[in-house]
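Structure first, then comments.
The values are calculated or read from the model by the stated rules, or taken from the named source; none is laboratory data. It should be emphasised that the depicted structure is a prediction, and the values quoted were computed from it without experimental measurement. All Cβ positions, even for glycine, are placed from backbone atoms using ideal geometry, and neighbour counts span all protein chains on display.
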Amino acid sequence: MPTIAEAVRLLRRAGYDVRLHVIGKCPPAIAEQEGVTHFGLIDKSRGMDRFVEIVRNVDVGCMLSRAELAGIAYLEFLRMGVPVVATDVGGAPEIVELGAGDLVAPEISAAELAQHFAGMMDAPGRLAELRETAWRRRHNASWRRAVRELNAVLDQ
């Protein structure tokens with residue numbers, strides 16, 4: 001079972017009221033797991049409002065990649081002011097710096113991830129600070145900003 005789904009199972013068993021929202025493909029064993037809401041594939045060209053509504057209503061965006069080049073999902077979370085938990089691979093550290101969030105090891109175990117999330121939930125001030133920082137810095141996670149910075153470098 002993927003790490004995040006197992007971490008959610010461990011947290012729920014420990015008494016935490018935590019949910020995993022999955023957009024996209026999801027194995028049936030996870031989609032049917034207690035505490036999981038599977039929204040399925042969302043065509044952003046027709047369902048953008050639904051996508052934004054789902055993402056804006058999560059506390060933390062998380063995608064545990066073992067390799068990551070651009071991290072589009074991270075950028076989508078950050079652009080909407082949602083902090084992220086990302087694996088410390090590829091371009092993820094630079095993306096997290098744009099907004100707010102935590103980096104975890106790519107080989108993190110479900111128990112370690114559950115402990116990380118429990119720490120966030122047990123320190124609501126820390127989570128609120130992450131959300132506030134992510135909201136304040138949400139404009140950093142835009143293509144316009146990236147293009148402006150690239151143009152500035154190319155113009156030198």
(request) Check whether at least one residue in segment 95-112 is out of contact with any helix residue (DSSP H, G or I) (no Cβ under 9 Å at 6 or more places or on another chain) and farther than 16 Å from A5 by Cα, and report yes or no. (result) no
(message) Which condition from (1) out of contact with any strand residue (DSSP E or B) (no Cβ under 9 Å at 6 or more places or on another chain); (2) without any contact (Cβ under 8 Å) to a residue 40 or more places away in the chain; (3) assigned to a helix (DSSP H, G or I) is the one that Q156 breaks?
(response) (3)
(request) Go through segment 62-83 residue by residue and tally those that are over 18 Å from R19 (Cα atoms), at pLDDT 85 or above and touching a Gly at 6+ places or on another chain (Cβ under 6 Å). (result) 1
(message) Residues to consider are A128, A111, A146, A86; find the one that is over 16 Å from the mean Cα position of the chain (by Cα) and modelled with pLDDT of 90 or more.
(response) A111
(message) I'd like to check something: does segment 21-33 contain any residue that is within 24 Å of E132 (Cβ to Cβ) and within 13 Å of the chain's Cα centre (by Cα)?
(response) yes
(request) Sort out which residues of segment 114-125 are at pLDDT 95 or above and more than 12 Å from L11 (Cβ to Cβ), and write them in order of number. (result) none
(request) Can you work out which of the residues in segment 9-31 that are aliphatic (A, V, I, L, M) and without any contact (Cβ under 8 Å) to a residue 40 or more places away in the chain is surrounded by the most Cβ atoms within 10 Å (Cβ to Cβ)? (result) L20
(message) I'd like to verify a number: residues in segment 18-77 that are within 18 Å of L113 (Cβ to Cβ) and β-branched (V, I, T), how many?
(response) 6
(message) Given the criteria of a type in the set (G, A, S) and within 23 Å of M121 (Cα to Cα), does G40 qualify?
(response) no
